[in-house]
Amino acid sequence: MLSGLNMLRTSALLLIVTVLLLGVASVALILLFFIPTSVTVSGVVGGINYFMEVRHLSPLVVTAALSFLIVAIVAVILLLISIYFYLIPSAKQFTIWRPLDFSTPSKLMRLGYVGGALTLLTAFILLIIAVISGFFIVALLGIVLVIAGFILLLIGRIGVIIFFFRLRDAFNSTLFLITAILLMISLVITFIPVISVSTVVLELIAWVLVLIEVGSLRDKITSGAIQL
């Protein structure tokens, strides 16, 4: 059980860093809408023309786009490490302890997060190639993979939410309950453009709470205050 909590703690630390990186990437993406494009061919940037005429964009636009993609790739790599090497194994440890409670969220997390992270990593690499080369077909394939990746991540997120509700029941933990609720709210408002930026804040708070609660539970188990 302690090994499961230790893995969950490491996963929370990595996810905190991931969320911060995604915040930086979001800022770089927002800058794209405020930097003059300076297109020299047709004067129209958007849709197909954006990728066909990327060589004619101002250096600031290209720099902001590449910065977003590079930081996003690093964030996805950290996400993959956190989920595959720590969060999913943590859920597996809890599944061994209570199979009926934790087997379903464990399966959803494995399917959604591992598949989603690998799909997004491939997508961002293709988008970088598209930005550099200007190949529209490569960009289109990257966009399709981004959509597929986010659908898989949605499945993984549902698994994580269920996981924390089950942890709340197992340890009678208020912080795990709050974490599950925050992650649920974050999932919902992701699809509301006006307030979707606030998901970064909610995610950060949620994983900080996990970090705090796991530390508290480890101390209680070690001291014998909690008997498993």
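The values are calculated or read from the model by the stated rules, or taken from the named source; none is laboratory data. Since we're looking at a predicted model, the values are computed, not measured. As a convention, Cβ positions derive from the backbone with ideal geometry for all residues, glycine included, and neighbour counts pool all protein chains shown.
Tabulated values for the structure
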| quantity | calculated |
| --- | --- |
| From the options Thr199, Thr174, residue that is polar (S, T, N, Q), buried (at least 17 other Cβ atoms within 10 Å of the Cβ) and free of Cβ contacts under 8 Å to residues at least 40 places away in the same chain | Thr199 |
| Among (1) more than 17 Å from the chain's Cα centre (by Cα); (2) surrounded by 21 or more Cβ atoms within 10 Å (Cβ to Cβ), the one test that Val144 misses | (2) |
| Residue in segment 103-125 that is in contact with a Ser or Thr (Cβ under 8 Å, 6 or more places away or on another chain) and at pLDDT 90 or above present | yes |
| Ile221 of a type outside the set (Asp, Glu), over 17 Å from Ile83 (Cα atoms) and at pLDDT 95 or above | no |
| Matching entry among Ser42, Ser26 (being within 26 Å of Ile137 (Cα to Cα), under 13 Å from the mean Cα position of the chain (by Cα), at pLDDT below 90 and of a type in the set (S, T, N, Q)) | Ser26 |
| Qualifying residue in segment 178-191 (condition: of a type in the set (Ser, Thr, Tyr) and modelled with pLDDT of 95 or more) | yes |
